[in-house]
Amino acid sequence: MKIAILPGDGIGTEIVAEAVRVLEVLDLSFETESALVGGAAYEAHGHPLPEATLKLAQSADAVLFGAVGDWKFDTLERSLRPEQAILGLRKNLQLFANFRPAICHPQLTHASSLKPELVAGLDILIVRELTGDIYFGQPRGRRLSPDGAFEGQQEAFDTMRYSRPEIERIAHVAFQAARKRSKRVTSVDKANVLETFQFWRDVMIEVHAEYPDVELDHMYVDNAAMQLVKAPKKFDVVVTGNMFGDILSDEAAMLTGSIGMLPSASLNAANRGLYEPSHGSAPDIAGKNIANPLATILSLAMMLRFSLNQPEAAVRVETAVTRVLESGLRTADIWSEGTQRVGTREMGSAVVAAVKAA
Ligand code: NAD
């Protein structure tokens with residue numbers, strides 16, 4: 001089996017390096033190959049997703065991705081910006097289902113912005129549809145001027161669109177995931193205002209008929225945003241569209257203390273996937289050895305479970321992370337009085353040691 005390693009930009013290179021060290025001590029026989037992506041690829045090859053990088057990702061069983069982006073690329077035309085690499089990979093690998101678990105580790109309840117009793121034991125799975133919705137709908141209003149400015153332009157627009165097969169396949173993924181958990185799905189929409197999301201709700205109900213053992217309820221996105229901070233433990237599996245999922249999964253991330261703790265998986269119909277932390281390239285802290293590598297290391301665990309069929313190795317990695325947190329080591333984003341502050345590299349070394357010890 002082959003794993004493509006795409007560290008990307010900013011802290012991407014630092015955190016992926018730690019996840020690769022963890023992979024190496026697992027002693028599994030995987031081939032790995034690295035390539036440039038995002039701004040780094042643009043600077044070296046003139047494109048954020050060069051042909052060779054895409055080919056590598058297509059030939060691999062799984063992709064371990066860091067993060068892309070830097071403000072210095074903000075003036076580039078949209079198609080050349082680092083973030084386009086992610087959209088290109090999702091599209092080409094047909095990654096339609098994004099899994100974002102939001103788990104509040106007992107040792108980190110105080111790091112949440114909510115009261116500890118509201119988040120202790122929190123374990124939500126957000127399933128976000130990735131290929132449809134307003135991010136990809138056509139037609140799109142274009143900037144008329146060649147330099148990309150909106151000067152003098154009177155409108156801009158994006159089209160929200162979902163097809164029946166797109167909703168059906170994400171519905172199946174969510175109901176099947178719920179069967180392995182507490183058998184409850186909340187579908188988040190805006191059916192009261194948007195035709196697209198009334199359609200979404202109708203199709204969810206149709207697919208649900210095949211899963212009588214799973215409970216389904218519906219919630220408008222504004223209410224879901226409120227309930228996530230009011231009583232987050234009410235949720236189990238949340239399924240939603242691309243844009244609402246983008247926003248709600250970041251909100252859920254903060255409930256757990258730090259976005260630096262949250263892994264994610266984007267899967268296609270064949271369970272091949274791209275695994276990455278939920279956060280971005282954090283240019284504000286890049287190169288300082290202070291980024292939290294645990295989201296990336298936990299993404300590696302998801303990769304072992306979902307795409308590489310190594311559930312025991314996944315548990316070894318997750319248990320090692322728990323042990324390290326229990327031992328009191330913290331990167332700056334999750335540090336609190338009475339715990340020991342460590343850097344990216346030291347946190348990676350601690351997980352490596354805990355995996356070896358397990
Ligand atoms: P970000 O997630 O990079 O950072 C937000 C905040 O969280 C920053 O203060 C950052 O220091 C902190 N943070 C993020 N990851 C951390 C970690 N592992 N440890 C400790 N602190 C961490 O979001 P942003 O600042 O809005 O965006 C920065 C760049 O990343 C932009 O170019 C954006 O487009 C890009 N981005 C990329 C992805 C991706 O590659 N999937 C996702 C989101 C944003």
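The values are calculated or read from the model by the stated rules, or taken from the named source; none is laboratory data. No experiment lies behind these values; they were computed from the predicted model shown. Every residue, glycine among them, receives a Cβ derived from its backbone with ideal geometry; neighbour counts consider all protein chains shown. Just so you know, the surface numbers come from the protein's heavy atoms only, side chains and all, with ligands and any DNA or RNA stripped out. Shrake-Rupley method; radii C 1.70, N 1.55, O 1.52, S 1.80 Å.
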For this session: Residue by residue through the stretch 3-42, note down the ones that are free of Cβ contacts under 8 Å to residues at least 60 places away in the same chain, within 21 Å of the chain's Cα centre (by Cα) and part of a strand (DSSP E or B).
Result: Ile5, Pro7, Ser34
Problem set entry | Residues that are near the ligand (Cβ under 7 Å from one of its atoms) and within 11 Å of Arg100 (Cβ to Cβ), drawn from the stretch 280-302 | Ala295
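Looking only at the stretch 229-249, decide whether some residue is of a type in the set (S, T, N, Q), open to solvent by 30 Å² or more (accessible area, probe 1.4 Å) and either part of a loop (DSSP other than H, G, I, E, B) or within 13 Å of the ligand (Cβ to nearest atom) (or both). Even if it seems obvious, please write down each step before you answer.
Filtering the stretch 229-249 down to residues of a type in the set (S, T, N, Q) leaves 240, 242, 249.
This time we only want the ones that are open to solvent by 30 Å² or more (accessible area, probe 1.4 Å), so: none.
Among the residues of the stretch 229-249, not one is of a type in the set (S, T, N, Q), open to solvent by 30 Å² or more (accessible area, probe 1.4 Å) and either part of a loop (DSSP other than H, G, I, E, B) or within 13 Å of the ligand (Cβ to nearest atom) (or both), which makes the answer no.
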Exercise. Can you find a residue in the stretch 174-181 that is in the same structural domain as Ala224 (by TED's automatic domain parsing) and not in a helix (DSSP H, G or I)?
Worked result: yes
Problem set entry | Residue count for the stretch 52-87, restricted to those that are in contact with a helix residue (DSSP H, G or I) (Cβ under 9 Å, 6 or more places away or on another chain) and in a helix (DSSP H, G or I) | 12
Seminar exercise, completed: Scanning the stretch 258-279 for residues that are more than 11 Å from the ligand (Cβ to nearest atom) and of a type in the set (Gly, Ala, Ser) gives Ala265, Ala269, Ala270, Gly273
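Being surrounded by fewer than 19 Cβ atoms within 10 Å (Cβ to Cβ) and either in contact with a Gly (Cβ under 7 Å, 6 or more places away or on another chain) or in contact (Cβ under 8 Å) with a residue 40 or more places away in the chain (or both) is the requirement here; does Pro283 meet it? Working first, answer last.
Details: surrounded by fewer than 19 Cβ atoms within 10 Å (Cβ to Cβ): yes; either in contact with a Gly (Cβ under 7 Å, 6 or more places away or on another chain) or in contact (Cβ under 8 Å) with a residue 40 or more places away in the chain (or both): yes.
Yes; evaluated as a whole, the condition is true for this residue.
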For this session: Output the number of residues of the stretch 312-358 satisfying the condition of being of a type in the set (Ser, Thr, Tyr), in a loop (DSSP other than H, G, I, E, B) and either open to solvent by 80 Å² or more (accessible area, probe 1.4 Å) or at pLDDT 95 or above (or both).
Result: 2
